[in-house]
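What follows is calculated from the coordinates using simple rules that are stated; it is not laboratory data. Just so we're clear, the structure is a prediction, and the values are computed from it rather than from any experiment. Here Cβ is always computed from backbone atoms with ideal geometry, including for glycine, and neighbour counts include all displayed protein chains.
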Amino acid sequence: MGVLFCPARAVRTVRTITIRSESRTQMVDITEQVASIVHESGVKEGVCCVFVPHTTAAVTINENTDPSVVRDFLTQLEELIPQISPHYTHIEGNADAHIKSAIVGCSVYIPITNGRLSLGVWQGIFFCEFDGPRNRRVYVQVLGQSGAQ
Ligand code: ZN
């Protein structure tokens, strides 16, 4: 039986992706940027954490092949949580964005196997803007073991 974890091969890489969103609600496919950070980290087996440090934005994993999936997601989310409601009390006027952010979530974790993100064939990683346009950040932390001996 091999060694499960070798401290000498432990890697921790932290990077920031910057995004300038272009509309109030928008989903930005960041899969390639995250994949290249994983590639540059040299991690062969581990985990990649993608974290959004904002209260009116989010990150999720979903289909990135057919753009209608993203369109339907944003349309339906808007119908469920409209921008304007007589029930909102938040003085900034972006209560809907806070609720959407909380529901969609501020982090995703993707296993890394053989140096690659273990995403499904149709899966992509999306930064979700709910109160743009703004300058945004996404933290990517890669933890695991390199392939070096
Ligand atoms: Zn607010």
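For the reader, a short list of remarks on this structure follows.
- Folded to 0 to 90 degrees: helix 95-104 orientation relative to the chain principal axis, Cα: 30 degrees
- Ranked by how many other beta carbons lie within 10 Å on average, peptides 49-62, 110-123, 16-29 from highest: 49-62, 16-29, 110-123
- Cα long-axis angle, helix 67-80 against the chain (0 to 90 degrees, to the nearest 10): 50 degrees
- Magnitude of the charge dipole for region 1-98, about its Cα centre and with charges confined to Cβ atoms of Lys, Arg (+1) and Asp, Glu (-1), is about 580 debye.
- Measuring nothing but how far apart in sequence close Cα pairs (under 8 Å, 6+ apart) lie, relative to its length, the chain scores a relative contact order of 52 percent.
- With the simple spin-label model, which puts each label point 7 Å out from Cα in the Cβ direction, the Glu45 to Glu79 separation comes to 4.6 nm.
- In plain terms, the residue of Leu77, Leu4 with the fewest other Cβ atoms within 10 Å comes first and the most crowded comes last, giving Leu4, Leu77.
- Distant alpha-carbon pairs in region 1-49 (separation over 14 angstrom), percent: 61 percent
- Residue with peak Gaussian network fluctuation, the chain [Cα springs, cutoff 10 Å], from Tyr109, Tyr88, Tyr139: Tyr88
- Taking label positions 7 Å along the Cα-Cβ direction at both Arg134 and Arg15, the computed distance is 2.4 nm, reported to one decimal.
- Angle of helix 31-41 to the longest C-alpha principal axis of the chain, folded into 0 to 90 degrees and rounded to 10: 30°.
- Each Lys and Arg contributes +1 and each Asp and Glu -1, all at the Cβ; summed about the Cα centre of region 81-149, the dipole is approximately 260 debye.
- Most positive-pole-ward Cα, Ser68, Pro7, Phe126, against dipole of the chain from beta carbon charges: Pro7
- The chain has equivalent-ellipsoid semi-axes of 34, 15, 12 Å, by the square roots of 5 times the alpha carbon gyration tensor eigenvalues, sorted largest first.
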